[in-house]
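A.B. asks: Here it is, the structure in full.
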Amino acid sequence: MPGLFGTSGVRKKVEELTDEFAKDLGRALGTCVSTDVAVGRDTRRTGPRLEKAFVDGLLSAGRNVVKVGLVPTPTVGVATAELGTGVVVTASHNPPEYNGFKFFNREGAFRPDLEKEVDEAFGSKKFRTGRGMAGERDYVQKHVNIIVKRVGEADGVNVLVDCAGGAGSVVTPFVLGAMGCEATVINDNRDGIFPHPLEPTDKNLEATCKAVAKAGVDIGFAHDGDADRACAIGGDGRLVEWDTFLTVLASQADKVVTTVDASMRIEEFCKRVYRVAVGDVAVAEGIRKHKAGFGGEPSGTYIFPDIHVFPDGVATVAKAAKLVADGVFYDLVEEIPSYPMERVKIPCHAHEKERIMENLKKILKGVEYSDVDGIRITYDDGWVLLRPSGTEDFVRITAEAKTKDRLDDIVKNGKEWIKKARQ
């Protein structure tokens, strides 16, 4: 049976997230940790209900709770550094019919061993009992101060930020203001109505890109629902390619950690690159292991260990705005090579994923590949990754090649392999 946790915490369709489920999850966490717990939420309309049930569970397990309110996920991370444990009620970039819970301790997002412990406690229903106390505390200003202190000023940079109806509007505009930027903020509503799908892709950000070009700003940014991600939009209204933005940020560090689904351009442009499994937990572990100065994924999830070792979309905006202020951002964008790349989602129920991946290994017997996370085949002129999504009902094909024709061949092969593996 699959466990509760995916790549990034617990995420489910809202109808599966009953009050009883949320309360038992709170009890399970309260049974497994010994610290006070910070609890926050993003703007989803189901957030207040789930937060209340989850907090009730924590209190019944004898844990004290500090409610930090409607805030970005990284703000909960800041609170966690002080309190010891933190949880944010969010489904990040997933559509509004989803919600979930993401768990933190002082080292960042929960590692698999801690997730397993909570999972087992949830399944056993053998919960600790007690009577905790609940209070409230504001960590927004502390989050702002940490970023501004580490990043510095970016006086006069003109920025447009799309907060996507999510939690980013609580922090990002204030960071930019404190850095000396002139910020135009759009979609800063917090009523749970999202003006466009939350995954910051070219298609979903068409209106935002037009707004950036029309505003005549130096640079634009867009967040997902909980602002642990950010993407960059050039002053010309074009989305900066995900892997290019990743490489721009990575170029500022001597040692870099990235994931198996990132472009090969990062190796060409950065000094030392270490590849790990997809997910910010694996990236954070890689940063610690290799003492790296930056870690990130092409999904827009970036970690700056000089600030903290968990993804922070607000910090991403600040770091990029600083590069613009220093006059190097667009030079780097122009310098970084770009190759044809494609990411394909193939619908796949959760219970099918394991069987498909096992069948793929049989189909590809004799082919050399990496199985760090999924199946990654490297060619002289490209690569392909076949990997089940950890958060959604898809198997993903990610591929890159030095020519479009070669890319089409690689993607076609990937689709055929998955088709065979489903039979």
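Each reported figure results from applying straightforward, stated rules to the coordinates on display, with no laboratory input. None of the values given here were measured: they were computed from a predicted structure. Neighbour counts are summed over all protein chains in view; Cβ atoms, including those assigned to glycine, are modelled from backbone coordinates with ideal geometry.
A.B. asks: Excluding same-chain residues fewer than 8 positions from residue 13, which aspartates and glutamates have a Cα within less than 14 Å of its Cα?
C.D. replies: 97, 392, 393
A.B. asks: Assuming a ≥ b ≥ c are the square roots of the Cα gyration tensor eigenvalues, decide whether the range 216-305 counts as rounded (a/c under 1.5), prolate (otherwise, with a/b larger than b/c) or oblate. Could you put the intermediate results ahead of the total?
C.D. replies: Values: a/c = 2.11, a/b = 1.57, b/c = 1.34.
Prolate, since a/c reaches 1.5 and a/b exceeds b/c.
A.B. asks: Shifting gears a bit: Farthest toward the dipole's positive end in the chain, which of 305, 377, 348, given Cβ charges of +1 (Lys, Arg) and -1 (Asp, Glu) about the Cα centre?
C.D. replies: Value computed over the given set: 348.
A.B. asks: Another question, if that's okay. Pairs 214/322; 102/271; 116/353: which exceed 24 Å Cα-Cα? Spell out each step's value before the answer.
C.D. replies: On the way: 214/322 22 Å; 102/271 33 Å; 116/353 20 Å.
Long pairs (Cα-Cα over 24 Å): 102/271.
A.B. asks: Only Lys, Arg, Asp and Glu count, each charged at its Cβ (+1, +1, -1, -1), so figure out the dipole size of the chain about its Cα centre, rounded to 20 debye.
C.D. replies: The calculated dipole for the chain is roughly 1240 debye.
A.B. asks: Right, another one. Restricting things to alpha carbons, tell me how big the range 141-187 is in terms of Rg and Dmax, in Å.
C.D. replies: In Å, with Rg to one decimal and Dmax whole: 10.4, 27.
A.B. asks: What whole-number distance in Å separates the alpha-carbon centres of the range 28-67 and the range 109-139?
C.D. replies: A separation of 8 Å, based on Cα centres.
A.B. asks: Turning to a different aspect of this structure: Please tell me the relative contact order of the range 141-335 in percent, rounded to the nearest whole number, where contacts are Cα pairs under 8 Å and at least six residues apart. The partial results should precede the final answer.
C.D. replies: On the way: 412 pairs, mean separation 41.3, N = 195.
Across the range 141-335, relative contact order equals 21 percent.
A.B. asks: Still on this model: Would you mind calculating the relative contact order of the chain from Cα pairs under 8 angstrom and at least 6 residues apart, reporting the percent as a whole number?
C.D. replies: Working: 954 pairs, mean separation 55.8, N = 423.
Dividing the mean separation by the residue count of the chain yields 13 percent.
A.B. asks: With the Cα gyration tensor of the range 321-423 giving a ≥ b ≥ c as the square roots of its eigenvalues, does the rule (a/c under 1.5 for rounded; else a/b larger than b/c for prolate; else oblate) give rounded, prolate or oblate?
C.D. replies: Because a/c hits 1.5 or more and a/b exceeds b/c, the range 321-423 counts as prolate.
A.B. asks: Cα centroids of the range 278-293 and the range 307-328: how far apart, whole angstrom?
C.D. replies: With the range 278-293 and the range 307-328 each reduced to a Cα centre, they are spaced 18 Å.
A.B. asks: Given 4 °C and 1.567 mPa s, how large is the Stokes-Einstein diffusion coefficient of the range 45-147 in µm²/s, with Rh as the Kirkwood radius over Cα pairs? List each step's numbers first, then the result.
C.D. replies: Working: Rh = 14.6 Å.
The Stokes-Einstein estimate is 89 µm²/s.
A.B. asks: Compute, for the range 201-267, the length of the dipole vector about the Cα centre, with Cβ point charges of +1 (Lys, Arg) and -1 (Asp, Glu) only. Units Debye, rounded to 20. Intermediate values should be presented prior to the final figure.
C.D. replies: Details: 7 positive and 12 negative charges, 45 e Å.
Roughly 220 debye for the range 201-267.
A.B. asks: Let me ask another. Any chance you could run the full-extension gain for residue 182 through residue 342? It's 0.36 nm times the residue separation minus the Cα-Cα distance, nm to one decimal. It would help to have the intermediate numbers written out before the result.
C.D. replies: Numbers: separation 160, 0.36 × 160 = 57.60 nm, distance 3.52 nm.
Working it through step by step, the gained length comes to 54.1 nm.
A.B. asks: Something else now. Please work out the Cα center distance from the range 338-368 to the range 225-265, rounded to the nearest Å.
C.D. replies: 24 Å
A.B. asks: Which of the peptides 95-106, 276-287, 138-149 is most tightly packed, and how do the rest follow, judged by the mean count of other Cβ atoms within 10 Å per residue? Provide the component values of the computation, followed by the final result.
C.D. replies: Values: 95-106: 21.1, 276-287: 22.9, 138-149: 18.7.
Listed from highest to lowest mean packing, they are 276-287, 95-106, 138-149.
A.B. asks: What is the sum of charges, Lys and Arg at +1 and Asp and Glu at -1, for the other residues whose Cβ falls under 15 Å from the Cβ of residue 174? It would help to have the intermediate numbers written out before the result.
C.D. replies: On the way: positive: 142, 149, 190; negative: 138, 153, 182, 188, 312.
Cβ neighbours under 15 Å give a net charge of -2.
A.B. asks: Cut-off under 26 Å on the C-alpha distance; same-chain residues fewer than 8 positions from residue 404 excluded. Which lysines are left, in chain and number order?
C.D. replies: Correct list for residue 404: 203, 345, 412, 415, 419, 420.
A.B. asks: Hey, another quick one. For the chain, what class follows from the C-alpha gyration tensor (a ≥ b ≥ c being the square roots of its eigenvalues): rounded when a/c is under 1.5, otherwise prolate if a/b is larger than b/c, else oblate?
C.D. replies: Working: a/c = 1.71, a/b = 1.11, b/c = 1.54.
Oblate, because a/c is 1.5 or more while a/b does not exceed b/c.
A.B. asks: Highest mean first, how do 345-356, 156-167, 299-310 rank when packing is the count of other Cβ atoms within 10 Å averaged over residues? Present the calculation step by step, with values, prior to reporting the outcome.
C.D. replies: Numbers: 345-356: 13.5, 156-167: 25.7, 299-310: 22.8.
Highest mean packing first, the order is 156-167, 299-310, 345-356.
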